[in-house]
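Take a look at the structure below.
Just so it is clear, none of the values below were taken in a lab; they were calculated from the coordinates. Small disclaimer: the values here were computed from a predicted structure and weren't measured. Note that we place each Cβ from the backbone using ideal geometry, even for glycine, and neighbour counts take in every protein chain shown.
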Amino acid sequence: MLRSEILTNASKLIDGKRADDYGDARKNFDDCAKLFSVVLGTEVTAKQFAMCMIMLKTARLMKSDTIDSWIDICGYAALAGELMPESQLELDDH
C-alpha cells in the first residue's frame, strides 16, 4: 500500500465512520482524558490521551504487524494535531 493510500484511508476513517460512531474527536478525546485522569489519579490531557492511543497501536504492532494499526496511528496523529494551539500551527519547511 502506498503512503498516500495509508493517509487517505486514515482520513476516510476519522472524517467518516469513526466520526459517525464517536462524534467530535476533540470532545471524545477530552472525555477519554477525564476518564484516564480518574483511573490514574493525575490529570491527563486530550493530547496525552492521543499519545497513549498511538503507543497502544505501537505496542500492537510489536505483536502483530498490521496495516490497520499503521492507519490508526496516522488518524490519531492527525486528530492530535488539531489539538495544537493556533500559535503553534505554523509549518516549518525542513
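For Cα pairs less than 8 Å apart in space and 6+ apart in sequence, what is the mean separation divided by the residue count of region 2-94, i.e. the relative contact order in percent?
For region 2-94, the relative contact order is 31 percent.
What does the charge dipole of the chain about its Cα centre add up to, to the nearest 20 debye, if the Cβ of each Lys and Arg holds +1 and the Cβ of each Asp and Glu holds -1? Each step should come with its number before you reach the end.
On the way: 11 positive and 16 negative charges, 88 e Å.
Computed about the Cα centre, the dipole is about 420 debye.
Please state the shape class of region 1-65: rounded when a/c is under 1.5, otherwise prolate if a/b exceeds b/c and oblate if not, all from the C-alpha gyration tensor. Please list the in-between numbers first.
Working: a/c = 2.92, a/b = 1.42, b/c = 2.05.
Since a/c reaches 1.5 but b/c is at least a/b, the shape of region 1-65 is classed as oblate.
Show which lysines lie in cross-link reach of Lys47 when reach means a straight Cα distance below 17 angstrom and same-chain residues fewer than eight apart are skipped.
Filter leaves Lys27, Lys34, Lys57.
Go through Val39, Ala19, Met53 and say which Cα lies farthest out towards the positive end of the charge dipole of the chain; charges sit on Cβ, +1 for Lys and Arg, -1 for Asp and Glu.
Val39
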